[in-house]
Amino acid sequence: SEDIVAFDNSWNELMPPSGTFIKIGEAKYLLFNNTRYNGVNYSKADGFPFPIKLKLKCTQPELLQEIRVVRELIDQVYQFSRMYWKSIRQQNLPVTIKYPEMVAQIAPHFVGEEIPPYGKNNLWFL
């Protein structure tokens, strides 16, 4: 996979506002997910996270031709990045990626390579 970057030439730091997305190919998009919001001061301490590459697929491919559908799907990814329980800061990845990653890091420590019975019915990793 190749790296693709984009810049906001109207801003000194060049980072596009959070939530901005651009089409980079057939059903492929780049979503800028950071803490730069219009009308809000941006802190360099928040860093300059890389955008998220998205590739959309659908059982009805013609739906992906509608910008309204694409915008809704990308907004879902964006909103899932705001649901991180460990911090009040927006994350650069959605929780649908972050949480499984956390589980994968913890899972090797289970005895017998299986989730204990208590963990099968509870959100133990939260």
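The numbers here are math on the coordinates, done by the rules we state, and not lab data. Given the structure is predicted, the values throughout are model-derived calculations rather than measurements. All Cβ positions, glycine included, derive from the backbone under ideal geometry; neighbour counts span all protein chains shown.
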Checklist entry - What list of ³J(HN,Hα) values in whole Hz, one per residue of the range 51-60 in order, does the Karplus curve 6.51 cos²θ - 1.76 cosθ + 1.60 (θ = phi - 60°) give from phi, with Gly and Pro shown as x? => result x, 9, 8, 10, 10, 9, 9, 8, 5, 10
Checklist entry - Which one of Gly19, Gly112, Gly47 has the biggest mean-square fluctuation once the chain is modelled by GNM with Cα springs under 10 Å? => result Gly112
Checklist entry - Could you give me the ³J(HN,Hα) list for the range 2-9, computed from phi with Karplus coefficients 6.51, -1.76, 1.60 and θ = phi - 60°, whole Hz, x at Gly and Pro? => result 9, 7, 10, 10, 9, 10, 9, 5
Item to check | Cut-off under 5 Å, modelled amide H: who pairs with Arg36 long-range | outcome: Ser18
Item to check | Where trypsin sites (Lys or Arg not before Pro) in DSSP loops with at most 14 other Cβ within 10 Å are excluded, longest remaining stretch of the chain | outcome: 1-56
Next on the checklist: If the reach is capped at under 17 angstrom between alpha carbons, list the lysines near Lys55, excluding any in the same chain fewer than eight residues apart.
Outcome noted: Lys23, Lys28
Checklist entry - Kirkwood Rh over Cα pairs of the chain into Stokes-Einstein at 37 °C, 0.692 mPa s: D in µm²/s? => result 194 µm²/s
Checklist entry - Got a sec to turn the phi values of the range 69-78 into Karplus ³J(HN,Hα) couplings, 6.51 cos²θ - 1.76 cosθ + 1.60 with θ = phi - 60°, whole Hz, x for Gly and Pro? => result 5, 4, 4, 5, 5, 5, 5, 4, 4, 4
Item to check | Extension gain, Met102 back to Val69 (0.36 nm per residue minus Cα-Cα distance, nm) | outcome: 8.9 nm
Checklist entry - Which chymotrypsin sites (Phe, Trp or Tyr not before Pro) does the range 2-54 hold that lie in a coil by DSSP with at most 10 other beta carbons within 10 Å? => result Phe7
Checklist outcome for this item: Per the helix-only model, the chain has a calculated mean residue ellipticity at 222 nm (DSSP H runs of ≥4, -39500 (n - 2.57) each, divided over all residues, rounded to the nearest 500) of -6500 deg cm²/dmol
Next on the checklist: Of Ala107, Met15, Leu54, which is farthest towards the positive pole of the chain's charge dipole, taken about the Cα centre with +1 and -1 on the beta-carbons of Lys, Arg and Asp, Glu respectively?
Outcome noted: Met15
Checklist entry - Remind me, relative contact order of the range 1-54 in percent, using alpha carbon pairs under 8 angstrom and six or more residues apart? => result 28 percent
Item to check | Gain on full stretching of the segment that runs from Leu14 to Tyr37 - 0.36 nm per residue minus C-alpha separation | outcome: 7.0 nm
Checklist outcome for this item: Between Met83 and Ala27, Cβ-based FRET efficiency (R0 30 Å, step 0.05) works out to 0.75
